[in-house]
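Just so you know, all these numbers are worked out from the coordinates, no wet-lab data involved. The structure displayed is predicted, hence computed values, not measured ones. In this analysis, Cβ positions are derived from the backbone assuming ideal geometry, glycine residues included, and neighbour counts consider all displayed protein chains.
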Amino acid sequence: MPTLGKNVEYALHSLVYLVGVPKGSTVTIRDLAKFQNISESYLAKVFTKLKKGKIVRSNIGVKGGYSLGKLPSEITFLDVVLAVEGELSFFECKGIRDQCVILDQANLPWKKGEYCTIHLVMKETENKIKDTLREKNLEWLHDKVYSQTSPKLIADTINWFQTNVFKD
């Protein structure tokens, strides 16, 4: 089964921290990478894709960095997956049924644009996965993470960003 890689994980973990960024402020790749103890260069590649997908926007200069490109409620998990990984297909039909020796090759129903039952089930599954990813957004993620996190950890996180990022 295809899996979504660490690109998506890095993206979602980083984006949840951008939800609480004060208006007009940005966070650098360096700060996000340092806070999460992950590779800065790898995260930069992920953010390049997020920027192309209009998930984030970047500001250049002394106060440069990244902020969300849309409201958190408008950025779905599917948006992030598509921006970072591109269009994914759960199932790739190899046309094995075309090799059957007893079928009339000139009158195969799927040659007329119809899907076989196996392909239909796989497309249905893919659509359900995409629907679930479409239902979840960054606002939901932020609220869920904060509701499951201890007040001390939340305070420590806010303090870290205030001390290291928003110190002006």
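Recomputing Rg/Rh (Cα atoms, Kirkwood Rh) from the coordinates shown identifies the correct label among [x] 1.00; [y] 1.16; [z] 0.93 as [y].
Using the Cβ-Cβ distance between ASP131 and GLU74 with R0 set to 30 Å, the FRET efficiency from 1/(1 + (r/R0)^6) comes to roughly 0.95.
For the stretch 22-78, the gyration tensor built on C-alpha atoms gives an oblate shape. Its axis ratio a/c (a ≥ b ≥ c) is at least 1.5, and a/b is not larger than b/c. To the nearest ten degrees, helix 40-52 and the longest principal axis of the Cα atoms of the chain are 70 degrees apart. Summing charges over all other residues whose Cβ lies under 10 Å from the Cβ of LEU78, with Lys and Arg as +1 and Asp and Glu as -1, gives 0.
Annotation: lysines with alpha-carbon distance below 25 angstrom to LYS54 (same-chain offsets under eight excluded): LYS6, LYS23, LYS34, LYS45, LYS63, LYS70, LYS128, LYS130, LYS136, LYS144. In this simple spin-label model, placing a label point 7 Å from the Cα along the Cα-to-Cβ direction at both GLN148 and VAL62 gives a separation of 4.1 nm.
Applying 0.36 nm per residue to the separation of PHE90 and TYR42 and subtracting their alpha-carbon distance, the gain on full extension is 14.7 nm. Put the Cα centre of the stretch 117-168 next to the Cα centre of the stretch 29-75 and the gap is 15 Å.
The Cβ shell under 13 Å around LYS136 holds other residues with a net charge of -3, Lys and Arg each +1, Asp and Glu each -1. Phi angles across the stretch 141-154 convert, under the Karplus curve 6.51 cos²θ - 1.76 cosθ + 1.60 with θ = phi - 60°, into 3J(HN,Hα) values of 4, 4, 5, 5, 4, 5, 6, 9, 10, 5, x, 5, 5, 4 Hz, Gly and Pro given as x.
Using Cβ point charges alone (K and R +1, D and E -1), the dipole size of the chain about the Cα centre works out to roughly 500 debye.
For the peptides 25-35, 50-60, residues were scored by their other Cβ atoms within 10 Å and the scores averaged per peptide; the highest-first order is 25-35, 50-60.
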